[in-house]
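K.L.:
Just passing along the structure, written as structure tokens.
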Amino acid sequence: KSTTPTTNTIMDGIYRSELQLMTAVPGSGNQSWHKDNRARGLSIIVPLVDFTPENGGTQLLLGSHNNKWPVFANGGARVINAPAGSVVAYDSRTIHRGLGNETSEGRPALIFCYDRVETPPPGCGTLGSVGTSYQGRLVDILTGARN
């Protein structure tokens with residue numbers, strides 16, 4: 001029996017597992033590479049200001065949700081440049097991170113995650129999180145991405 005509150009359930013077996021206001025403060029560093037969940041889910045970012053490479057936009061390793069190393073290693077990382085109010089959606093298994101904010105203004109965004117009741121996040125444990133972080137860093141090195 002699920003202990004997930006029914007107010008977060010959007011359809012049978014799927015619920016909103018996260019709703020937060022995330023702000024990259026001026027001078028902040030890069031987040032570690034991570035996945036929101038090891039199982040299929042939906043992550044949504046709504047920028048409250050324009051996302052730019054300078055203010056800490058989100059960086060995604062495209063194709064990493066399929067665990068096919070050559071697919072995302074060859075494509076490298078992509079920084080999301082999105083105007084305020086946009087909707088950025090990706091598979092929760094996608095390796096990603098928020099970049100450091102090099103501006104003098106904060107970079108706020110709303111984060112929504114939707115997951116299956118049977119596979120709540122993060123689902124990968126400490127070793128899985130460390131492994132994902134190193135995997136992302138290796139792609140940085142191989143592709144010359146922003147450190």
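K.L.:
Tally up the residues in segment 9-53 that are more than 17 Å from His96 (Cα to Cα), charged (D, E, K, R) and outside any strand (DSSP E or B), please.
P.N.:
Residues meeting the conditions: 2.
K.L.:
Cβ-Cβ below 9 Å, separation at least six or inter-chain, first residue in segment 91-114 and among the aromatic types (Phe, Trp, Tyr), second open to solvent by 10 Å² or more (accessible area, probe 1.4 Å) and assigned to a loop (DSSP other than H, G, I, E, B): which pairs?
P.N.:
Tyr114/Gly41
K.L.:
Being over 28 Å from Leu138 (Cα atoms), modelled with pLDDT under 90 and either touching a Lys or Arg at 6+ places or on another chain (Cβ under 6 Å) or surrounded by 14 or more Cβ atoms within 10 Å (Cβ to Cβ) (or both) is the requirement here; does Asn37 meet it?
P.N.:
No; evaluated as a whole, the condition is false for this residue.
K.L.:
Go through segment 100-123 and give me each residue that's within 15 Å of the chain's Cα centre (by Cα) and either more than 20 Å from Val87 (Cα to Cα) or assigned to a loop (DSSP other than H, G, I, E, B) (or both).
P.N.:
The answer is Gly100, Pro121, Pro122, Gly123.
K.L.:
From the residues in segment 7-34 that are open to solvent by less than 30 Å² (accessible area, probe 1.4 Å) and within 14 Å of the chain's Cα centre (by Cα), which one is modelled with the lowest pLDDT?
P.N.:
So the residue we want is Trp33.
K.L.:
Could you list all residues from segment 82-132 that are small (Gly, Ala, Ser), touching a Lys or Arg at 6+ places or on another chain (Cβ under 9 Å) and either open to solvent by 50 Å² or more (accessible area, probe 1.4 Å) or modelled with pLDDT of 95 or more (or both)?
P.N.:
Matches in segment 82-132: Ser129 only.
K.L.:
Being open to solvent by 60 Å² or more (accessible area, probe 1.4 Å) and either touching a Leu at 6+ places or on another chain (Cβ under 8 Å) or closer than 21 Å to Ala77 by Cβ (or both) is the filter here; which residues of segment 40-57 pass it?
P.N.:
Answer for segment 40-57, where residues must be open to solvent by 60 Å² or more (accessible area, probe 1.4 Å) and either touching a Leu at 6+ places or on another chain (Cβ under 8 Å) or closer than 21 Å to Ala77 by Cβ (or both): Leu42, Leu48, Asp50, Glu54.
The values are calculated or read from the model by the stated rules, or taken from the named source; none is laboratory data. What you are looking at is a predicted structure, and each value in this text was computed from that prediction instead of being measured. With ideal geometry, Cβ positions are generated from the backbone for all residues, glycine too; neighbour counts draw on all protein chains shown. Areas reflect the complete protein model, heavy atoms only, side chains present, ligands, DNA and RNA absent. Shrake-Rupley method; radii C 1.70, N 1.55, O 1.52, S 1.80 Å.
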